[in-house]
Protein chains: 2
Amino acid sequence: MQSYEQSLRQTKQFLLDHDDFLVVSHIQPDGDAVSSTLAVGWLLSCLGKKFSMLNEGPIPTRMNYLWEADKIANMSVNPPERTFSNVICVDCADFQRVGLTQRYFEPGASIVNIDHHPTNNGYGAVQLIKPDAAATAEILYDLLKTFDIAWNIDIATALYTGLLTDTGGFRYTNTTPKVMEAASDLLSHGVKGPELAETLLEEMTLPQVKVLSRALQTLEMSPNGDVAWVSVTPQDMLDCGAANEDLEGIVNYPRNIRGVEVGMLFKVIHDQAVKVSFRSAGKVNVAALAQTFGGGGHTRAAGAKVDLPLEQAIPHVVKEVSRLL
Amino acid sequence: MQSYEQSLRQTKQFLLDHDDFLVVSHIQPDGDAVSSTLAVGWLLSCLGKKFSMLNEGPIPTRMNYLWEADKIANMSVNPPERTFSNVICVDCADFQRVGLTQRYFEPGASIVNIDHHPTNNGYGAVQLIKPDAAATAEILYDLLKTFDIAWNIDIATALYTGLLTDTGGFRYTNTTPKVMEAASDLLSHGVKGPELAETLLEEMTLPQVKVLSRALQTLEMSPNGDVAWVSVTPQDMLDCGAANEDLEGIVNYPRNIRGVEVGMLFKVIHDQAVKVSFRSAGKVNVAALAQTFGGGGHTRAAGAKVDLPLEQAIPHVVKEVSRLL
């Protein structure tokens, strides 16, 4: 297996040796996916290469501030008119994550696989994979440093966006000294870090605030205060005009209460089924817990589906959680 | 006026030349005040100096993880038995901020003033003031670097705590390249950055969550969605067991809604008076706005008191805000 430095050199050489690239990322792109697509595009434009950027769907509107974000084609709006023989896939742990954009890959196309997911399965002719990188943007930061190019605020803002979003605002455990050093360097290129944090991490939609308010009204706790939970019904979702993505983050409220070890969000699917999201403060492995209900996830964030009405699901799950504490 | 480097050298010399120090910070100490007190204590212990650490009141319990946090005496619990002729004041913009601890300063004591507030009025025999430092911890980071001392996780954790809290988790506009570079260095000493972010920035008390829930239920917006507000009554405070500090951050919820330029929290003081907190997304200078009501603050965060019942205060203030948009 080649070293990271060798992979960087190989990737650099591939970009220098070829022309006319398609740059794609995963479906439902997040901050790192969009940033990484644009960072590769920015590099290719500096090298004077021909390239197109594509995603299966739209780019989140809150990322419109990014350099040429409007140049990432949305497949269902303005698809490419031809196929490409050189494809760069960023932030995709496996090939299927590119979604329907693969229709525009020529059969036998050369694929460059640039990614940070530990589960990356090593597809592609050229692989630039660093599982301990916080974001694909961190890998692209290293790749761009191997070129003799003058950086500007556009590329710095793109890379900072990837680091910021994939570390949850420098709060997740992937926030390494390397991440902070890169962030420092990027800020010195004029990145408006605080504005980005506001736009990407703090902004909420009105339905999000409304459904959060509904959920918090249902807050309950175990007698000794180590388990806390909230619930949301289909009627709440309807009343608030909320979509599933608006529930993101709500489970952190019960979890963040001082003394709570496990926080939960019960989302009623229908009369006989509830989706449970678990968050652990550290003591309880909620992945194992979720598995006992046929679900799964990570040690501190997991989920499962329980085939019971809400009034029965809550005491049933709380009892199982309390048993572990 | 001497340079920052000269001030660093002068402060270093003062510490080397003297012994038996009292280290104090401001009343109601925040993360930077506690961290800076402990950072000076850690330095003095490395130098083999005699010292005592003191605050007018208690240290917030969530900072108990800090090295020797329990050694900062609380004046009303375990006051010093004598006075000191060498006093180091950290994070205090003016001398009065030390509160009643000044009872333990000898008349004519030599005072070292280490602070980052732009409003620092230059008290003390030795002044180490850097107004563009994000935190007093940043200045102490520089000061400690001038000594030939091996750093460990204790001092790194203290300094990281000061940077983290005074930049709002690397989100405020004081988050400079220098801050991120120092954070990178501190993480490399083993600081558990993500755990600190959780404890210091994300943890909430039960009354905090309850009063947030009450406030969000009152959410209202201007017809075009650029002004949003919530309110809290004395009855809410009572029902939730909430103190004033539990209201911190609530005003950000209306402000963070997409499209909102000014977010407000109306806190009923009594039947005829309301305290209004203003937060701006940038367009409106809420300091100037607050001044029209006899209040004040910063351009993006300000407050004022309005002598009206809540039902009259809201439309009155909203009308003034809308006029500016």
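The values are calculated or read from the model by the stated rules, or taken from the named source; none is laboratory data. Treat the numbers as computed from the prediction; the structure is a model and nothing was measured. Don't worry about glycine lacking a Cβ; one is built from the backbone with ideal geometry, like all the others, and counts go over all protein chains shown. What goes into the accessible areas is simple: the full protein's heavy atoms, side chains included, and nothing from ligands, DNA or RNA. Shrake-Rupley method; radii C 1.70, N 1.55, O 1.52, S 1.80 Å.
Take A:GLY169 and decide whether it is at the interface with chain B (Cβ under 8 Å from one of its Cβ atoms), assigned to a loop (DSSP other than H, G, I, E, B) and not basic (Lys, Arg).
For A:GLY169, the condition - at the interface with chain B (Cβ under 8 Å from one of its Cβ atoms), assigned to a loop (DSSP other than H, G, I, E, B) and not basic (Lys, Arg) - is met.
Look at B:GLN10 and say whether it is open to solvent by 40 Å² or more (accessible area, probe 1.4 Å), within 22 Å of B:GLN96 (Cα to Cα) and polar (S, T, N, Q).
The answer is no for B:GLN10.
Give the residues of the range A:208-251 that are facing another protein chain (nearest Cβ under 10 Å) and open to solvent by 20 Å² or more (accessible area, probe 1.4 Å), sorted by residue number.
Once the filter is applied, which keeps residues that are facing another protein chain (nearest Cβ under 10 Å) and open to solvent by 20 Å² or more (accessible area, probe 1.4 Å), the range A:208-251 yields A:GLN208, A:LYS210, A:ARG214, A:GLN217, A:THR218, A:LEU219, A:MET221.
It is to be established whether one or more residues within the range B:220-232 are within 22 Å of B:GLN28 (Cβ to Cβ) and without any contact (Cβ under 8 Å) to a residue 12 or more places away in the chain.
No, there is no match, as no residue in the range B:220-232 is within 22 Å of B:GLN28 (Cβ to Cβ) and without any contact (Cβ under 8 Å) to a residue 12 or more places away in the chain.
Just to be sure I understand the filter: pairs with C-beta atoms under 9 Å, separated by 6 or more residues or on different chains, first member in the range A:43-62 and β-branched (Val, Ile, Thr), second member assigned to a loop (DSSP other than H, G, I, E, B). Which pairs pass?
A:ILE59/A:PRO29; A:ILE59/A:LEU66
For (1) under 24 Å from A:SER35 (Cα atoms); (2) outside the structural domain of A:PRO29 (by TED's automatic domain parsing); (3) of a type outside the set (S, T, N, Q); (4) touching a helix residue (DSSP H, G or I) at 6+ places or on another chain (Cβ under 7 Å), each residue gets a yes or a no:
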position	(1), (2), (3), (4)
A:ALA150	yes, no, yes, no
A:LEU159	yes, no, yes, yes
A:PRO177	yes, no, yes, yes
A:PRO223	no, yes, yes, no
A:SER231	no, yes, no, yes
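Somewhere in the range A:59-76, is a residue in contact with a Phe, Trp or Tyr (Cβ under 6 Å, 6 or more places away or on another chain) and at pLDDT 95 or above?
No, the range A:59-76 contains no residue that is in contact with a Phe, Trp or Tyr (Cβ under 6 Å, 6 or more places away or on another chain) and at pLDDT 95 or above.
Just the residues that are open to solvent by 30 Å² or more (accessible area, probe 1.4 Å) and either among the hydroxyl-bearing types (Ser, Thr, Tyr) or not in a loop (DSSP other than H, G, I, E, B) (or both), please, taken from the range A:124-155.
A:GLN127, A:ILE129, A:LYS145, A:THR146, A:ILE153, A:ASP154
Among the residues of the range B:287-296, is any open to solvent by less than 60 Å² (accessible area, probe 1.4 Å), in contact with a helix residue (DSSP H, G or I) (Cβ under 7 Å, 6 or more places away or on another chain) and assigned by TED's automatic domain parsing to the domain that holds B:LEU216?
Taking every residue of the range B:287-296 in turn, at least one turns out to be open to solvent by less than 60 Å² (accessible area, probe 1.4 Å), in contact with a helix residue (DSSP H, G or I) (Cβ under 7 Å, 6 or more places away or on another chain) and assigned by TED's automatic domain parsing to the domain that holds B:LEU216.
Taking the range A:96-107 on its own, how many of its residues are open to solvent by less than 40 Å² (accessible area, probe 1.4 Å) and part of a strand (DSSP E or B)?
1
Take the residues in the range B:252-268 that are in contact with a strand residue (DSSP E or B) (Cβ under 6 Å, 6 or more places away or on another chain) and away from every other protein chain (no Cβ under 12 Å); name whichever of them is nearest to B:LEU216 (Cα to Cα).
B:LEU265
Could you please find all residues in the range B:58-79 being touching a strand residue (DSSP E or B) at 6+ places or on another chain (Cβ under 6 Å) and part of a loop (DSSP other than H, G, I, E, B)?
Residues satisfying the conditions are B:PRO58, B:ILE59.
Within the range A:175-198, track down each residue that is open to solvent by 40 Å² or more (accessible area, probe 1.4 Å) and either more than 7 Å from every other protein chain (Cβ to nearest Cβ) or under 18 Å from the mean Cα position of the chain (by Cα) (or both).
Result: A:THR176, A:LYS178, A:HIS189, A:LYS192, A:GLU195, A:GLU198.
Does A:LEU43 count as touching a Leu at 6+ places or on another chain (Cβ under 9 Å) and under 23 Å from A:ARG9 (Cα atoms)?
Judged against the criteria, A:LEU43 is a match.
Considering each of A:SER184, A:SER110 in turn, give the residue that is farther than 15 Å from A:THR37 by Cα and assigned to a strand (DSSP E or B).
Within the list A:SER184, A:SER110, the selection yields A:SER110.
Kindly indicate whether any position in the range B:89-112 is within 19 Å of B:GLU5 (Cβ to Cβ) and in contact (Cβ under 8 Å) with a residue 24 or more places away in the chain.
yes
Considering every residue within the range A:85-95, establish whether at least one is acidic (Asp, Glu), under 30 Å from B:GLY259 (Cβ atoms) and open to solvent by less than 60 Å² (accessible area, probe 1.4 Å).
yes
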